[in-house]
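Following: one structure in structure tokens, then a few remarks.
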Amino acid sequence: MRPRDLKDFTSGLNDNQKLIPQIIFRDKDELSALVRLMIENGASEIDLNMGCPFPLQTGHGRGAATVANKDLAHDVAEIIANNPGITFSVKIRLGFSDADEWKNLIPELNKVEVSHIAVHPRVAKQQYGGQLILDSFKEILDQSKNPVVFNGEIHTPQDIDKVLNDFNGINGIMIGRGLLARPSLIKEYLSGKEWDKADRVEEMLKFHRLLLDYYSDTLCGDSQIISKIKPFWEYAEEEIGRKAWKAIKKASNMAKYNSAVALI
């Protein structure tokens, strides 16, 4: 494991957070080694990534490419069973190219106890486009003996309500890109009121300022700071407007970056 990756888990910045490391693997040996390393570094919970759709991972047999591997499914269950002091969770897609590939995995996971199985109801080849395959999600929900969490295309408080209404018995909802695009989303849902865009953008800018101040204090030079802060806006085009979003993407120094943010 690269030292910089391990530092993400062991950093003192995590002291005020409940941090659960997620590991991605291609075979039993890699999984065993990473689980052991996490335990040695103090992990009590570990999330297994069997859902990543990116070709750089699936091309090496990791992420969503593992769902169809029957032998590996058995190995995963065995490693979970052999580490009773660790709480495991699993993140999956329906498969790599076939929406029925999960049927190799769920029966094995039913033999052990995990805190939850988070399901993104697409296959890897869809990446983040195309229709969610909700019938298959319902099948997993019905067949899994472990709690099931819904993941995918959650952008508004109404999306959360719809999933909860459509799928009785789910254990929760996982939000990824939707929360990066709209950092106020959880606050909005918990408050029971959807915020207008001005309030959402104000919340986003407050969050951005905290990050930018930290990077400015700890990094050296425009290049390092910009490379760290630009990804903050990756999914925010709809919220902040295309003009500001494009200007941020093009900014080559902090003066241009700050001018671009001011367009918001």
Over the chain: helical MRE at 222 nm, DSSP H runs n ≥ 4 each giving -39500 (n - 2.57), nearest 500 | -13500 deg cm²/dmol
When each of LYS193/LYS250; LYS125/LYS256; LYS197/LYS249; LYS138/LYS193; LYS138/LYS249; LYS18/LYS246 is checked by Cα-Cα distance, pairs over 30 Å = LYS193/LYS250; LYS125/LYS256; LYS138/LYS249; LYS18/LYS246
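Where in the stretch 9-108 are there trypsin sites (Lys or Arg not before Pro) that are in a DSSP coil and have at most 12 other Cβ atoms within 10 angstrom of their Cβ?
Listed in order of number, the matching sites are LYS18.
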Can you work out the FRET efficiency for the pair GLU40 and ASP8, with r the C-beta to C-beta distance and R0 = 22 Å, to the nearest 0.05?
-> 0.90
Nearest 10 degrees, 0 to 90: helix 70-81 Cα axis against the chain principal axis | 80 degrees
May I ask for the percentage of alpha-carbon pairs in the chain that lie more than 33 Å from each other?
-> 29 percent
If each residue's Cβ is checked for other Cβ atoms within 10 Å, how do TRP102, TRP195 rank with the fewest at the top?
-> TRP195, TRP102
Relative contact order for the chain: what is it in percent, counting Cα pairs under 8 Å that are at least 6 residues apart?
-> 11 percent
Gap separating the Cα centres of the stretch 52-66 and the stretch 91-166, nearest whole Å = 17 Å
Fully extended contour minus Cα-Cα distance, from ASP100 to GLN158, at 0.36 nm per residue = 18.0 nm
Along the stretch 251-264, Karplus-curve 3J(HN,Hα) (6.51, -1.76, 1.60; θ = phi - 60°) to the nearest Hz, with x for Gly and Pro, reads 4, 10, 8, 5, 4, 5, 5, 4, 5, 5, 4, 5, 5, 5
Whose amide H sits under 5 Å from the amide H of ASP47, counting only residues 5 or more places off or on another chain, with H placed in the peptide plane?
-> GLN22, ILE23, SER89
Normalised Cα Rg of the stretch 1-153, dividing by 2.2 N^0.38 Å with N its residue count, works out at 1.01
For ALA118, which sequence-distant residues (separation of 5 or more, or a different chain) have an amide H within less than 5 Å of its own amide H, given hydrogens modelled in the peptide plane?
-> VAL90, LYS91, ILE92, VAL149
Round to a whole angstrom and tell me the spacing of the C-alpha centers of the stretch 189-214 and the stretch 8-25.
-> 24 Å
So how far apart, in nm, are the two label points at SER223 and ASP166 if each is 7 Å from Cα heading toward Cβ?
-> 4.7 nm
In whole Hz, with x marking every Gly and Pro, tabulate ³J(HN,Hα) for the stretch 98-103 from phi via Karplus 6.51 cos²θ - 1.76 cosθ + 1.60, θ = phi - 60°.
-> 10, 6, 9, 5, 4, 5
For the stretch 14-30, take each phi angle, set θ = phi - 60°, evaluate the Karplus expression 6.51 cos²θ - 1.76 cosθ + 1.60, and give the result in whole Hz per residue in order, putting x for glycine and proline.
-> 8, 4, 9, 10, 8, 9, 10, x, 10, 10, 10, 8, 10, 7, 4, 4, 5
Can you spot the aspartates and glutamates whose alpha carbon is less than 15 Å from LYS187's alpha carbon? Ignore those fewer than 8 places along the same chain.
-> ASP159, ASP161, ASP196, ASP199, GLU202, GLU203
Quick one: which residues, 5+ away or cross-chain, put their amide H under 5 Å from the amide H of GLY95? H built at 1.01 Å from N.
-> ALA124
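Bear in mind these aren't lab numbers, they're just calculated from the coordinates by the rules spelled out. Treat the numbers as computed from the prediction; the structure is a model and nothing was measured. Here Cβ is always computed from backbone atoms with ideal geometry, including for glycine, and neighbour counts include all displayed protein chains.
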